[in-house]
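Below is one structure, written out as structure tokens; comments come after it.
The values are calculated or read from the model by the stated rules, or taken from the named source; none is laboratory data. All values derive from a computational prediction rather than experimental measurement. Cβ placement follows ideal geometry from the backbone for every residue including glycine, while neighbour counts extend to all protein chains displayed.
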């Protein structure tokens, strides 16, 4: 039956000697564009993470943030679901590693988020859902983009540091070193912003985080290269 339908649909097709070409059906001129694909997805009810794709970040960071939002990044609890039988403990402490623990509950994550809270007076998110649904929507479109970019820098700093410990068997970085990784990327990603005021705000925020953290720890006699030991 299906074969007869296929044959019937081809009866009116006339083949020529011309070379076959690909035609993009979503655009009148037949040319493929990301914008036309994006519009087709939206019009067909597909939920697209606009907040992530509208930020000016490197592509791999946008994909990383998308995986975090969907809860599919390969933390150890997700690896177990794929029949992985290795150690499930967080490399920074003795708790089981998950997205929630690694990026919000672990003392490394808490240090970074509390630094944001103390220096900028922003109430920090307690989980990934709150980060995307509320925390990154506290102000204007430009302001929210800065918030999500800052969050991406901190989360990426944690992830890279974690991977070094797990795969390269490196000693964990100090808390300040992880923070400075995040501020380094903030300064790097500032150059990707379209408007000079956004560039300046990201660089200013990174510098403020660095100088304030150094001043705070030096004022209590804690050297930046020391590691904090939790019992």
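Some notes on this structure:
- Exactly one residue among 194, 226 is within 20 Å of residue 62 (Cα to Cα), modelled with pLDDT under 90 and exposed (fewer than 13 other Cβ atoms within 10 Å of the Cβ), and that residue is 194.
- Residue match in segment 146-159 (condition: over 20 Å from residue 204 (Cβ atoms), part of a helix (DSSP H, G or I) and without any contact (Cβ under 8 Å) to a residue 40 or more places away in the chain): no
- Checked against (1) loosely packed, with under 10 Cβ neighbours inside 10 Å; (2) at pLDDT 80 or above, residue 17 passes all but condition (2).
- If only residues of segment 98-125 that are in a loop (DSSP other than H, G, I, E, B) and modelled with pLDDT of 95 or more are counted, the one that is surrounded by the most Cβ atoms within 10 Å (Cβ to Cβ) is 106.
- Condition met for residue 171 (without any contact (Cβ under 8 Å) to a residue 60 or more places away in the chain, farther than 15 Å from residue 57 by Cβ and assigned to a helix (DSSP H, G or I)): no
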